[in-house]
Each structure stands twice: as structure tokens, then as C-alpha cells.
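This report concerns only the one structure given below.
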């Protein structure tokens with residue numbers, strides 16, 4: 001790899017890190033933040049997140065089409081994405097709500113995720129240009145850098161509110177967290193500028209028959225099913241650690257351990273996939289995730305060390321999901337000569353839809369079971385939380401394994 005290519009990979013990783021700081025971490029923190037700081041009910045929070053995903057259903061494919069249609073304006077789109085992301089996070093976490101709290105939160109999240117969607121579509125849609133090739137091996141190498149950046153960003157976003165709060169002598173530092181994301185967004189915009197001037201590879205317009213025929217359509221379906229377990233555990237993590245395990249002060253360290261494990265595992269899974277093929281490696285990583293979910297279900301209250309081991313195992317498993325599936329999707333699109341922007345618009349919507357479905361379904365069900373965050377909960381309510389956090393993701397991951405085993409071989413083209 002040339003020095004210039006190495007610099008490009010650093011820029012891809014840096015941009016991915018900043019975008020990720022405002023992705024899954026928001027879903028980790030938002031239920032607790034909105035319930036305890038803004039006074040919204042779990043049902044209201046779930047409804048807001050579902051509303052945002054309905055908007056995404058229309059918006060994300062449109063954003064992908066725009067980046068394909070006016071590809072010469074990639075630098076402009078990138079500027080709009082990062083500025084919008086920063087402003088949205090300031091509105092959600094830093095600026096006090098004006099008027100209706102629920103409406104203010106909904107609008108702030110719409111702005112935040114609009115910027116995140118556009119930035120992510122640009123980042124993933126330009127994979128062939130960034131990697132210098134659409135071959136699977138090149139995409140897996142790029143994905144290792146990109147997804148390592150993602151995991152670092154998720155880690156930063158997961159621990160930043162607690163760390164910033166301690167600096168201010170407060171339990172949580174949500175207000176400076178919003179400022180941090182805004183500053184990082186501007187920095188990433190400047191750091192990644194050279195990426196948007198790389199030549200694009202020629203591509204055909206996206207069409208559904210080509211998408212399915214290339215195997216990319218099947219990978220899109222697999223990614224959706226496989227993202228659901230992570231979405232459920234991300235949404236319920238703080239509740240599980242604080243109310244089910246009774247270890248709220250260890251939530252930050254557990255998150256650090258989880259995402260560090262994912263970051264360490266990501267490049268290793270990429271190497272294994274290049275050597276042994278994606279299908280057996282994905283099956284192995286998903287099986288490890290199932291073992292982790294079962295372990296979480298059986299973990300007694302106060303058992304910090306066993307749950308730390310579970311965080312390590314599930315984190316390592318997550319690294320494979322993030323590296324392999326997106327690389328296979330980009331490679332399939334390139335082999336078929338399809339434009340990637342709109343395709344990754346659907347990919348991006350799919351990932352975010354799982355988070356919304358998890359929040360929109362699981363949070364109201366927990367409220368119906370009598371669960372209240374941070375309160376004295378009945379055994380029935382805690383058992384509902386335990387099942388929701390551990391057994392539901394376990395069942396969903398089994399479905400994902402079935403997809404991996406049954407998908408056509410063209411979806412798992414060997415590395416070249």
C-alpha cells in the first residue's frame with residue numbers, strides 16, 4: 001500500500017470515527033437521558049424513534065440517489081453532513097428544550113440523523129474509490145480500517161458523557177457531549193477533504209434486479225436481520241447494567257471493554273475472512289454472540305467479572321459483523337457495476353431501522369411489564385428486562401445464522 005493510500009485509509013478511519021460517535025452511542029444514552037433528564041416516558045421515547053425511522057425510510061434512499069446523481073458535489077454534501085450532524089447534537093444534548101420537550105427532541109434527532117445519514121452514505125458509497133479496487137480483498141482491507149474507526153468512535157461516544165460529567169463534578173456530562181460532537185464534526189470535515197477529490201469508478205444506475213442478482217440484495221436482508229440483536233442490547237444496555245445487575249457505576253467500564261474488544265477483533269476477523277471465506281467466519285462469530293447472550297441471561301445480580309467476560313465475547317463477535325458484511329456488500333455492488341450511493345442509502349436505513357424497531361417495540365413492552373428505569377422494580381419487571389436483553393437477541397441471532405447458511409454462494413464471493 002502506497003503512502004498516499006495509507007493516508008487515505010487514515011482519513012477514512014477518522015471520518016468513520018466521528019460519524020460513529022453520534023450513532024449507536026445516542027441510542028445507548030438516549031432512553032436514559034430522555035427518561036431521567038427530560039422526563040419523557042418509555043412509550044414516548046419509543047414513538048419518537050419510530051417516527052424518525054419513518055422519515056429515514058423516505059430520506060435515506062433519496063440522499064443516496066442525490067450523491068449518485070450529483071457526484072461532483074461530494075465535497076459539498078460532506079460539508080452539509082458534518083455541519084448538520086454537529087448542530088443536531090447541540091440541539092439534542094446541549095441546548096435546553098424550547099416549547100414541547102418531545103417535539104424539540106424529535107426535531108433535534110431528525111437533524112442529527114439526517115447529517116449522520118448523508119455522511120455515512122458518502123463514506124460507504126465511495127468504498128471502491130477509497131480502496132482503489134472493488135475486489136473483495138481490497139474491500140475487506142478498507143473495511144478493517146473503516147470499521148476500526150467506527151468502533152473507536154462508538155467507544156468514545158459511549159464513555160464521553162460519563163467522563164465529561166466527572167470533569168464537571170456531575171453524574172453525566174450530556175451538555176459538553178453535544179459540544180464535543182460538534183467540534184469533532186468540523187475537525188473531520190477538514191481532515192477528510194482530500195477524500196472527496198478521488199476519481200470515481202464508472203458505475204451503472206442502481207436497479208433492483210441488478211442488486212438482487214449480484215447477491216447484494218441478499219446481503220442487505222442479512223444485515224438487517226443480523227443488526228436486530230445488537231439494536232436490542234444497545235437500547236437496553238444501561239437499564240440491564242443499572243437495574244438488572246445493580247452495577248450502574250460500571251456501565252462505562254463495561255462499554256469500554258465491549259468496544260475495545262470489538263476494535264481489536266475487527267481486523268482479525270477481516271484477515272480470517274480473507275483466508276477462510278466469509279460464510280464460515282460469520283457463522284463462528286454469530287455463534288460466539290449467542291454464547292454471550294445466554295451468559296448474560298444467566299448472570300446473577302452484582303456479578304461484575306462474569307459480565308465483563310460477556311462484554312469481551314460479545315464485543316469480539318460484533319467486530320466480525322461490522323467488517324465483513326459491509327465489505328461483501330460493497331464488493332458485490334462493484335462486481336455488478338452498480339452505483340453505491342443509493343444502495344448504501346438502503347443499507348444505512350436498514351441499520352438505523354433496527355435500532356428504532358428495538359426501541360419502538362421493546363421499550364413499550366417493558367413499560368407494560370411494569371419496568372421503570374432507576375426505580376424499585378418487581379421481580380416480574382426485572383425478568384422481562386432479562387428476557388428482552390438476552391433471550392430475544394439470542395433468538396434473532398439464530399435466525400441470522402440460518403440466513404448465512406442458506407444464502408446463495410454469490411453473496412459470499414471469495415477474496416481475490
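Is it the case that some residue within segment 381-390 is under 30 Å from residue 273 (Cα atoms), in a helix (DSSP H, G or I) and modelled with pLDDT of 85 or more?
Checked against the condition, which is being under 30 Å from residue 273 (Cα atoms), in a helix (DSSP H, G or I) and modelled with pLDDT of 85 or more, segment 381-390 yields at least one hit.
State which residue is surrounded by the most Cβ atoms within 10 Å (Cβ to Cβ) when the search covers only segment 111-124 and only residues that are at pLDDT 90 or above and under 22 Å from residue 38 (Cα atoms).
Of everything passing the filter in segment 111-124, 112 is surrounded by the most Cβ atoms within 10 Å (Cβ to Cβ).
Quick one: would you say residue 46 is touching a helix residue (DSSP H, G or I) at 6+ places or on another chain (Cβ under 8 Å) and either within 18 Å of residue 367 (Cα to Cα) or surrounded by fewer than 17 Cβ atoms within 10 Å (Cβ to Cβ) (or both)?
yes
Kindly list the number of the only condition in (1) at positive phi; (2) in contact with a helix residue (DSSP H, G or I) (Cβ under 8 Å, 6 or more places away or on another chain) that fails for residue 246.
(2)
Return the residues of segment 131-155 that are farther than 12 Å from residue 327 by Cβ and either at pLDDT 75 or above or buried (at least 24 other Cβ atoms within 10 Å of the Cβ) (or both); say none if nothing qualifies.
Passing the criteria: 148, 149, 150, 151, 152, 153, 154, 155.
Give me a count of the residues in segment 276-289 that are over 19 Å from the mean Cα position of the chain (by Cα) and touching a residue at least 60 places away in the same chain (Cβ under 8 Å).
Summing the residues that are over 19 Å from the mean Cα position of the chain (by Cα) and touching a residue at least 60 places away in the same chain (Cβ under 8 Å) in segment 276-289 gives 5.
Could you count how many residues in segment 367-401 are without any contact (Cβ under 8 Å) to a residue 40 or more places away in the chain and within 23 Å of the chain's Cα centre (by Cα)?
1
Conditions: (1) surrounded by fewer than 24 Cβ atoms within 10 Å (Cβ to Cβ); (2) touching a helix residue (DSSP H, G or I) at 6+ places or on another chain (Cβ under 8 Å); (3) assigned to a helix (DSSP H, G or I). Residue 301 meets all but one. Number of the miss?
Unmet for residue 301, out of (1) surrounded by fewer than 24 Cβ atoms within 10 Å (Cβ to Cβ); (2) touching a helix residue (DSSP H, G or I) at 6+ places or on another chain (Cβ under 8 Å); (3) assigned to a helix (DSSP H, G or I): (3).
Looking at (1) farther than 20 Å from residue 23 by Cα; (2) modelled with pLDDT of 90 or more; (3) buried (at least 24 other Cβ atoms within 10 Å of the Cβ), can you tell me which one residue 317 breaks?
It fails just one condition, (1).
Residues are listed down the side, and each one gets a yes or a no for (1) modelled with pLDDT of 85 or more; (2) in a loop (DSSP other than H, G, I, E, B):
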{"position": "181", "(1), (2)": "yes, no"}
{"position": "184", "(1), (2)": "yes, no"}
{"position": "187", "(1), (2)": "yes, no"}
{"position": "199", "(1), (2)": "no, yes"}
{"position": "209", "(1), (2)": "no, no"}
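Taking the stated definitions as given, is residue 108 closer than 18 Å to residue 174 by Cβ and crowded, with 18+ Cβ neighbours inside 10 Å?
yes
Looking at 365, 355, 398, which one is in a helix (DSSP H, G or I), more than 22 Å from residue 221 (Cα to Cα) and either at pLDDT 80 or above or in contact with a helix residue (DSSP H, G or I) (Cβ under 6 Å, 6 or more places away or on another chain) (or both)?
365
The values are calculated or read from the model by the stated rules, or taken from the named source; none is laboratory data. This structure is a prediction, so every number in the text was calculated from the model and none was measured. Positions of Cβ are backbone-derived with ideal geometry, glycine not excepted, and every protein chain shown enters the neighbour counts.
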